[in-house]
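Peer 1: Input: one structure, supplied below.
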Amino acid sequence: MPTTHTSVGCTVCGCVCDDLTVTVADGRVTEARGACHLAEPWFLSQNTSAPPAAALNGHPAETGAAFDRAAQILRAARYPLIYGLSRSTTEAQRAAVALAERLGGTIDTTASTGHAPSLIALQQVGESTCTLGEVKNRADLVVFWGSDPVLTHPRHMERYSVDPVGRWVPGGRAGRVLVVVDDHETETARRADLFVWVPTERNWEALWELRALCRPTPPAPEEPTPNPSSRSPALSAELLAGRGKGGEQDFRNSHAPGASEEASRAVPPSLQGGGRGGGLPALAARIAAARCGAFFFGAGLTRGKTAHRTVEALLQLVTELNDRGRFYARRMRRYGDVAGADSVLAWQTGYPFGVNLSRGYPRYNPGEFTGPEMLARGEPDACLFVGSEAAADFPPAALDHLRRIPVIALDAPNVESPVPAAVRFTTAVYGVHRPGTAYRMDEVPVPLRVLLPTDYPSDAEVLNELLKRVR
C-alpha cells in the first residue's frame, strides 16, 4: 500500500527544500512531487542497491571486525584527519568533533574546497546577511555573482529569491530585477534582466569599481571668496583676470563639482559594457533604484589564491549599500548540510573548519590545517572520511597520498568513492532512512524525517562506536 509523506526535506543541495511530497511503496520511493532535476533521481535511487554494511579492503566483512580494524588504525595514527561531514547531520557532526578531540587529530569540512575564502573574509570584515525568507519577502533586486543556480540549486529562484510572491514584493518575478555577473553566459544569465560579463581574475577589480560607482557624490565644497585686503593688489588682480599658472578658468575647470569624482569612477574599458545591458554602470543604476537587494555569490567568486580578498570586497560593498537601503550577502552553499558542519565546529571548537586538536586545544589556520593541503603535503598518516565523495574535489597530490595511507570511509549506499578504503562502512541516509537536523544555506535548521526502512547504521552510530573503542 503506497504511503505519502508531505513536507519532506531534501539534502541534495544547500537549499534543503522542505516542501516535497514523496510517495513510498514496497520499500522504495515511487514519486517525488515538487523535486528538482537533481533531487528526483536521488530520491528514486534510494534502496536500489544493497552493498555490504562493512568491507575490509573492498571485501565484505563482519561489522565487528570492521570496527576492530578501524579502531586499530585510529589508535596507531599519530596525525589522523577527519574530513567531510557535509552529508551528515548535527548529531553525527558532534560525534566527529568528539572523536577528533579524543584522537588529537585534525577535523575539516568540505568548506575547505568551497567557501573557505568566504568564511575567512567574513571573519575580517563581517557580513550583512539574512534568511532566504527575508529575500523572498523584501528583495526587489537579486544579484547572482559567480553562481549558476539554474544548474546547481534548481529551486532557489523558484522558491526563495526570484519568482515567489513576497510580502513587500506582491508582483513576484515581475516586481524584481535579476542580475547575473559571471565570466560566461550561464543558464541563469539567459533569464536575467541584466548580465554583466567580468573575467574571473578581475572580480576584485570589478567589485572595487562598483563600490566607487555606488558611492554618493559628496557635495562640492564652497569656493572661498577672495579677500583682496589680504593679498597684494597686483596678485589679486592677476587671479581675477585669469592670469598666472593655468589661469582662474583652468582652476575652475579642474575643480568643477564632480570632475575629480568622475575621474576616480572611470571604469576600465573591459568592464564598461561587458555582457548584456550596460555593464557595471548599469548594475550601479539598478542598485541605486532598489529598495532591498540580495547578493548571492558562489564558486566563481571563491576561486584563486586571493579569493578571500575578493569576497571581502563584496561584503564591504553590501555593508556600504546599507546606508541607502536594505542589502544582504548570502553564500550559495553546495552540499545539503555543509552550513551545519561549519556551525557545529564553530559551536564546539570556536572555528568553522580546518581545526587542529593535536595539542589538546583547538587551533585554526586555513592552509595549514585544511584537509586537501595537508594531504597534498603528505602529513596525515590516517584519514577518516564522513562522505568520501568529497575527495573528488582534491588535487592529484592529495589523492596520491590517500592511496598510501589507511582510509576509513563512511558512505551512503549509492556513493561511488574516488578513493580506496581499508575499512568502509555503509551508512543510512539522513532524511531517507534516519531522522536528524540539517542546516539550510542561510543557517536555518530543517528537521529531517524517516521515509524508508534500512538495516544500515547512521553516521552518528558508527562514529560513537569508534569513539568508545579508541578510548
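Peer 1: So which strands (runs of 3 or more DSSP E) stay within region 1-75 end to end and still have 3 or more residues that are within 33 Å of the chain's Cα centre (by Cα)?
Peer 2: Fully inside region 1-75 and qualifying: 3-8, 20-25, 28-33.
Residue-by-condition table, conditions (1) crowded, with 21+ Cβ neighbours inside 10 Å; (2) touching a residue at least 40 places away in the same chain (Cβ under 8 Å); (3) β-branched (Val, Ile, Thr):
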{"site": "Phe394", "(1), (2), (3)": "yes, yes, no"}
{"site": "Ala398", "(1), (2), (3)": "yes, no, no"}
{"site": "Arg440", "(1), (2), (3)": "yes, yes, no"}
{"site": "Glu443", "(1), (2), (3)": "no, yes, no"}
{"site": "Leu448", "(1), (2), (3)": "yes, yes, no"}
{"site": "Asp459", "(1), (2), (3)": "yes, yes, no"}
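Peer 1: Does at least one position in region 338-345 carry a residue that is at pLDDT 95 or above, over 15 Å from the mean Cα position of the chain (by Cα) and either under 19 Å from Cys15 (Cα atoms) or surrounded by fewer than 22 Cβ atoms within 10 Å (Cβ to Cβ) (or both)?
Peer 2: yes
Peer 1: Moving on. Restricting to region 396-455, count the residues that are in a loop (DSSP other than H, G, I, E, B) and under 28 Å from the mean Cα position of the chain (by Cα).
Peer 2: Count: 22.
Peer 1: Report, by residue number, each residue of region 413-437 that is hydrophobic (A, V, I, L, M, F, W, C) and at pLDDT 95 or above.
Peer 2: Result: Ala421, Ala422, Val423, Phe425, Ala428, Val429, Val432.
Peer 1: Could you tell me which numbered condition Glu368 fails, if it satisfies all but one of (1) assigned to a loop (DSSP other than H, G, I, E, B); (2) in contact (Cβ under 8 Å) with a residue 60 or more places away in the chain; (3) within 22 Å of Ala299 (Cα to Cα)?
Peer 2: Of (1) assigned to a loop (DSSP other than H, G, I, E, B); (2) in contact (Cβ under 8 Å) with a residue 60 or more places away in the chain; (3) within 22 Å of Ala299 (Cα to Cα), only one is false for Glu368: (2).
Peer 1: Follow-up question, since we're still on this one. For region 346-376, what are the residues that are among the aromatic types (Phe, Trp, Tyr) and either closer than 28 Å to Arg404 by Cβ or surrounded by fewer than 20 Cβ atoms within 10 Å (Cβ to Cβ) (or both)?
Peer 2: Trp347, Phe353, Tyr361, Tyr364, Phe369
Peer 1: Identify all residues within region 129-160 that are farther than 14 Å from Ala294 by Cβ, in contact with a strand residue (DSSP E or B) (Cβ under 9 Å, 6 or more places away or on another chain) and acidic (Asp, Glu); write none if there are none.
Peer 2: Asp148
The values are calculated or read from the model by the stated rules, or taken from the named source; none is laboratory data. Keep in mind it's a predicted model, so treat the numbers as computed, not measured. No Cβ is skipped: glycine too gets one built from the backbone with ideal geometry, and neighbour counts run over all protein chains shown.
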